[in-house]
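Only one structure is covered here, and it is reproduced in the block below.
What follows is calculated from the coordinates using simple rules that are stated; it is not laboratory data. Values in this document were obtained by computation on a predicted structure and should not be read as measured data. Glycine also receives a Cβ, built like all others from the backbone with ideal geometry; neighbour counts cover every protein chain displayed.
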Amino acid sequence: MKAVISGGGKSLQKEIDSKMVYGKKIGEKISGNLVELENYELQITGGSDKQGFPMKKGVSGSVRKRLLLAEGVGYKPKIKGVRRRKNIRGEVVSEETEQLNLKIVKEGAKKFEEFFKKEKPVEEKKEGEEVKEEPKTEEKKE
């Protein structure tokens with residue numbers, strides 16, 4: 001199962017052992033150790049199933065239902081007041097859940113931004129050498 005962890009305007013995608021979160025509901029908190037984030041506390045904010053249908057808070061169980069929606073998760077009307085019947089997955093995480101959305105409630109010792117920093121190797125320029133650039137060539141479309 002994929003876990004998308006968001007915090008500070010950035011998101012991180014990790015693979016998790018799905019059996020550890022079965023039975024949890026949207027809004028419940030889980031340990032960050034499940035997604036290799038030491039001493040973090042995460043909250044389940046939503047998700048989607050294998051067919052892409054979103055999970056919605058307030059829909060009991062983990063089954064898929066057809067609900068009449070006016071707005072919110074699963075339906076964004078273009079005209080105000082329009083309602084439509086849409087498929088929605090329940091709020092409980094099950095074996096059908098493919099993606100789980102999580103947000104950071106409590107950070108650990110390592111800051112969340114540090115997971116995105118990539119160290120670039122610095123190329124040293126020797127004295128007397130010039131950096132050669134390859135000429136740019138444009139491809140012609142026919």
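3J(HN,Hα) along the range 9-26: x, 10, 10, 10, 10, 9, 8, 10, 7, 5, 5, 6, 10, 4, x, 6, 10, 5 Hz, from the Karplus curve 6.51 cos²θ - 1.76 cosθ + 1.60 with θ = phi - 60°, whole Hz, x for Gly and Pro.
Shown here: the range 1-69, whose C-alpha atoms stretch 40, 27, 20 Å along the first, second and third principal axes, sorted largest to smallest. Packing around the peptides 4-11, 41-48, taken as the average count of other Cβ atoms within 10 Å per residue, puts them in this order, highest first: 41-48, 4-11. Normalised Debye scattering of the range 2-115 at q = 0.13, 0.14 Å⁻¹ gives log10 I(q)/I(0) of -0.52, -0.60, counting only Cα atoms as equal scatterers and leaving out solvent.
Over 31 Å apart at the Cα level, from the set Lys78/Lys117; Lys80/Lys117; Lys86/Lys111; Lys56/Lys78; Lys24/Lys78; Lys76/Lys111, are Lys78/Lys117; Lys80/Lys117; Lys86/Lys111; Lys24/Lys78; Lys76/Lys111.
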